[in-house]
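For reference, the structure is listed below as structure tokens.
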Amino acid sequence: MKNNSSNIETKLIHHAQEPDPSTGAVIPPIYQTSTYAQSAPGVHKGFEYSRTDNPTRRNLEQALAAIESGKECGCFASGMAAITTLMHTLSPGDHVICSDDVYGGTYRLFSKVMQPLGLTFDFVDFSSGVDEWTPFVGPNTKMIWIETPSNPMLKVIDLTATIAKAKQLGLCSVVDNTFASPYLQRPIELGADIVVHSTTKYLGGHSDVVGGALIYADPVQADKMRFLQNSIGAIPGPFDSWLTHRSLKTLSVRMQRHCDNAMEVASFLSTHKKVQSVIYPGLSSHPHHAIAKKQMKAFGGMISIYLNADLNKTKTFLSSLRIFTLAESLGGVESLIEHPAIMTHASLPPVERAKLGIGDSLVRLSVGIEHVQDLIEDLAQALQQI
Ligand code: PLP
């Protein structure tokens with residue numbers, strides 16, 4: 001890259017996006033190809049087969065590595081494909097300590113797919129400090145897995161303290177940075193070994209493409225991931241890679257607007273009598289507000305609320321919204337709302353949901369970038385229905 005700015009806003013737009021040398025096209029073309037001509041057996045221009053490598057995917061990988069301050073990145077067909085591939089770097093008998101409030105699909109993969117294959121897991125509340133999880137470390141512990149802010153309870157984990165402790169204990173630290181995005185926090189700069197993304201969310205940003213990524217601080221550690229990316233083959237196609245890369249360019253402006261809107265929406269909801277409580281790391285009432293302020297540039301676009309309502313009234317509220325769409329997922333430009341117990345976190349056993357506080361009146365909002373007054377009026381009219 002000619003430009004070597006260290007500012008994320010510039011990197012997002014220019015990294016791995018040099019004009020096409022053969023035509024001058026400002027946007028590199030989509031290399032929609034599965035294979036590459038060789039002039040003699042084994043003699044090629046660096047690409048042999050698109051499961052192994054593809055120029056469009058490679059551009060996205062280089063851009064993601066740069067914006068997360070990592071050295072290597074592998075892209076995958078979904079966030080879960082990325083996480084599954086990463087789990088294959090471990091061996092039967094290895095032990096992982098994982099945040100208790102992880103995405104339901106991650107919990108399901110770990111407990112229902114990886115555990116029967118011989119990995120072992122403990123799910124622990126990392127937001128309570130290092131003393132909460134270090135007693136679980138044993139001779140076979142290899143990795144800690146954290147999500148911050150977490151999904152859907154928006155717990156914030158102190159990255160600096162947690163990663164430092166993991167390093168001292170010789171454990172690999174993995175951070176799922178999907179909710180914050182590298183615009184708000186960059187765990188590798190704080191010492192993390194691996195960052196995970198569901199690029200389906202803020203990085204893709206438009207609810208039109210599913211994808212995932214693993215970003216490594218250490219290129220040598222990344223070799224195993226690269227081998228598994230090719231061997232397992234859960235890769236994204238060129239068009240999905242291009243769409244995701246296209247979206248990265250606006251991440252900084254989208255993210256700032258998500259954060260600004262969410263702050264106003266959270267403030268509005270926290271004064272409403274039909275809302276029992278609001279969980280948003282930007283509010284001083286949030287138990288981890290100080291940590292969020294320390295490690296995040298702003299507080300993100302996700303809000304969870306408990307309504308003063310039973311399940312039926314909660315459903316009425318959700319069906320009454322006109323701008324917020326009732327749908328799973330998050331991080332798109334449009335506002336979404338969902339019921340974690342019935343939707344995104346249905347794969348968690350009821351007892352685990354209850355322990356975390358994922359009950360009938362909990363609702364999760366992904367605040368979009370529409371005019372904030374329209375969002376507030378929409379929520380106000382739906383709250384009036386219950
Ligand atoms: N990690 C987090 C924090 C998520 O919210 C999700 C999906 O919602 C995933 C991982 C899985 O990503 P995907 O849906 O792209 O497979």
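The values are calculated or read from the model by the stated rules, or taken from the named source; none is laboratory data. Because the structure is predicted, anything quoted here is derived from the model rather than measured. Cβ placement follows ideal geometry from the backbone for every residue including glycine, while neighbour counts extend to all protein chains displayed. Areas reflect the complete protein model, heavy atoms only, side chains present, ligands, DNA and RNA absent. Shrake-Rupley method; radii C 1.70, N 1.55, O 1.52, S 1.80 Å.
Provide the packing ranking of 107-118, 339-350, 204-215, i.e. peptides ordered by the mean count of other C-beta atoms within 10 Å per residue, highest first.
Going by the mean number of other Cβ atoms within 10 Å, highest first, we get 204-215, 339-350, 107-118.
In the chain, carbon and sulfur make up what percent of the accessible area (probe 1.4 Å)?
Using a 1.4 Å probe with all protein chains present, the chain comes out at 54 percent carbon and sulfur.
Calculate the dipole size of the stretch 205-264 relative to its Cα centre from +1 charges on Lys and Arg beta carbons and -1 charges on Asp and Glu beta carbons; express the result in debye to the nearest 20.
I would put it at about 140 debye.
Ranking request for peptides 165-173, 329-337: highest mean number of other beta-carbon atoms within 10 Å first, then the rest in descending order.
By packing density, highest mean first, the sequence is 329-337, 165-173.
Helix-only mean residue ellipticity at 222 nm, the chain, DSSP H runs n ≥ 4 weighted -39,500 (n - 2.57), per residue, nearest 500. What is it?
-10000 deg cm²/dmol
Suppose R0 equals 45 Å. What FRET efficiency, 1/(1 + (r/R0)^6) with r the Cβ-Cβ distance, do ASP122 and SER270 give to the nearest 0.05?
0.85
Skip the ligands, DNA and RNA, and give the accessible area per residue of the chain with a 1.4 Å probe, whole Å².
Ligands and nucleic acids excluded, the figure is 41 Å² per residue.
Assuming 0.36 nm per residue, please report the length gained on full extension of the stretch ALA40 to ASN4 beyond their Cα-Cα distance.
9.3 nm
Straight-line reach from LYS313: which lysines have a Cα under 16 Å away, not including same-chain ones fewer than 8 places off?
Reachable lysines: LYS273, LYS274.
With r defined as the distance between the Cβ atoms of SER319 and GLU377 and R0 fixed at 25 Å, what FRET efficiency is calculated, to the nearest 0.05?
0.90
Charges at C-beta only: +1 for Lys and Arg, -1 for Asp and Glu. How large is the resulting dipole of the chain about its Cα centre, in Debye rounded to 20?
Dipole of the chain, to the nearest 20 debye: 160 debye.
Where does each of ARG246, ARG254, ARG226 land when they are ordered by accessible area, with a 1.4 Å probe and the largest first?
ARG246, ARG226, ARG254
Against the longest alpha carbon principal axis of the chain, how many degrees, from 0 to 90 and to the nearest 10, is the axis of helix 372-384 turned?
40
Applying the Karplus parametrisation 6.51 cos²θ - 1.76 cosθ + 1.60 with θ = phi - 60° to the phi angles of the stretch 88-99, what ³J(HN,Hα) value in whole Hz is obtained for each residue in order, glycine and proline being reported as x?
6, 7, 8, 10, x, x, 5, 10, 10, 9, 10, 3
For the stretch 32-132, give the magnitude of the charge dipole about the Cα centre (Cβ charges: +1 Lys/Arg, -1 Asp/Glu; no others), in debye to the nearest 20.
Using only the charged Cβ atoms, the result is roughly 740 debye.
Quick one: of LYS167/LYS294; LYS112/LYS355; LYS165/LYS249; LYS167/LYS249, which pairs are farther than 31 Å apart, Cα to Cα?
In this structure, LYS165/LYS249; LYS167/LYS249 lie more than 31 Å apart at Cα.
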